[in-house]
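To start, the structure itself, in structure tokens.
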Amino acid sequence: MCSKLLLFFFLSVSLTIYGQNNRIWGLEYSAKGGFLLAHTPSMNHLPKQHVQAQEISFVHLPSGSKAWHSRLNFPLVGATLNSGNLGNDEVLGKSTGLYGFMKFRLDPGLHRHKFYFKFGVGGSYLSKIHSIENNPKNNAISSHWNYLLNTSLGYEYMFPGHMYIGAGFDFMHMSNAAFKAPNLGLNIPQIKINIGFLLHPKKLIISIIKQDTITSLDSDWHFLFQGMYSQKEISAYPGFKFPVFAGNVLVQHKLNSTLFYETGLDFMWNSSDLTLRQEKKIQDSLLLKVGGYFGVTLPLDRLQFNLGLGGYIYDPYTLNGIFYQRLGLRYFLLKPLFVSLTLKTHWFNADYAEFGIGVRL
């Protein structure tokens, strides 16, 4: 259920943002090849074959009706259907995924030559999962539905008319954010080639610039107050959901013409830490963890993408090292009020997914 909500949340936001008229639409096909990364020794038995995948993407170009369209040099946006193997057909099976994405140009001065960075989020369905009776070797994934994160860095050449070709490096991550254990996650680096067609290549962009109504990029200071909730499983207690409560207080300010930076304090109460008391001989009954956080935020009017690094200031359990990362989004229902969906990780391992509500003052 958690992964289905993740997929629905990301895709519905994508459709809300990009579902406007006056677009240049297109179609893109990609072929990928790579390998399953065994990011922990307990996964060394899983990679058995090369990973091969295919993608079909529906793409379009923003119309210019919002200030962020031109500020970000009109990034290509769309949705991708992904299908492929996972490096071990017998144990891991196949995957089918759907995700929304944005493709940012890194070279605004060049025309036919385009270097880009692509970022996408969505969900995937895996055909084979962990089972003590039927599939005990699969210690990486225990749920059919998982969230999916995709990033790419590449080059494309635009031919006169409507066609373009490209190649690049691609990285895909799949897991259920510890909603069900075991959940080591799957990390797949790949090389890809792609070909695309724009259906209306000669259509002019309508540059009717409107001020972003919610999160315009100004130089004012902002304060964010947020509460979050999650659930997670741990391998020692499969089937039992441990509640997690968290909150943060952040200060947000303009970093440059495109980004905000934000810094502040995180407060985390993870009930699964109760299981560690006897093992680590901790007498203190306090489950609270406190972290210092710094991140960057990309505002797209009502939507904000955020990425940041935190360090534990107080953590009596020290289970996952001193650093953690957050990747997610906030969507503003009203000018001060937003909802959020954030993945908290310790490098390649997902800790849990946070569902939050907060205000920005």
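The values are calculated or read from the model by the stated rules, or taken from the named source; none is laboratory data. Please read these numbers as outputs of a predicted model, since none were measured by experiment. For neighbour counting, all protein chains shown are included, and Cβ atoms are generated from backbone atoms with ideal geometry for every residue, glycine included.
List the pairs whose first member sits in the range 167-191 and is closer than 16 Å to K103 by Cβ, whose second member is hydroxyl-bearing (S, T, Y), and whose Cβ atoms are under 6 Å apart, counting only residues at least 6 apart or on separate chains? From residues that are closer than 16 Å to K103 by Cβ, the pairs are G168/S152; D170/S152; F171/T151. Just so you know, in the range 155-176 the residues that are aliphatic (A, V, I, L, M) and surrounded by fewer than 21 Cβ atoms within 10 Å (Cβ to Cβ) include one that is nearest to F119 (Cα to Cα), and it is A167.
Every residue, every condition in (1) under 27 Å from N176 (Cβ atoms); (2) of a type in the set (D, E, K, R); (3) crowded, with 17+ Cβ neighbours inside 10 Å; (4) in contact with a Lys or Arg (Cβ under 8 Å, 6 or more places away or on another chain), yes or no:
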site: W269; (1), (2), (3), (4): yes, no, no, yes
site: Q304; (1), (2), (3), (4): yes, no, yes, yes
site: Y312; (1), (2), (3), (4): yes, no, yes, yes
site: F348; (1), (2), (3), (4): yes, no, no, no
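Only a single item in (1) at pLDDT below 95; (2) of a type outside the set (S, T, Y); (3) part of a strand (DSSP E or B) is not met by G161, and it is number (3). When the strands (runs of 3 or more DSSP E) confined to the range 303-348 are screened for residues that are in contact with a Phe, Trp or Tyr (Cβ under 6 Å, 6 or more places away or on another chain) and closer than 19 Å to Y229 by Cβ, those reaching at least 2 such residues are found at 323-332, 337-346. Exactly one residue among K114, K192, K180 is among the charged types (D, E, K, R) and within 23 Å of T342 (Cβ to Cβ), and that residue is K180.
When the residues of the range 300-322 are narrowed to those that are polar (S, T, N, Q) and without any contact (Cβ under 8 Å) to a residue 60 or more places away in the chain, which ends up farthest from N349 (Cα to Cα)? Among those that are polar (S, T, N, Q) and without any contact (Cβ under 8 Å) to a residue 60 or more places away in the chain, it is N306. Against the numbered list (1) among the hydrophobic types (A, V, I, L, M, F, W, C); (2) closer than 15 Å to L186 by Cα; (3) without any contact (Cβ under 8 Å) to a residue 12 or more places away in the chain, F35 comes up short only at (3).
Against the numbered list (1) closer than 19 Å to Y324 by Cβ; (2) in a strand (DSSP E or B), H253 comes up short only at (1).
Of all residues in the range 95-138 being in contact with a strand residue (DSSP E or B) (Cβ under 8 Å, 6 or more places away or on another chain) and assigned to a loop (DSSP other than H, G, I, E, B), which is surrounded by the fewest Cβ atoms within 10 Å (Cβ to Cβ)? The qualifying residue surrounded by the fewest Cβ atoms within 10 Å (Cβ to Cβ) is H111.
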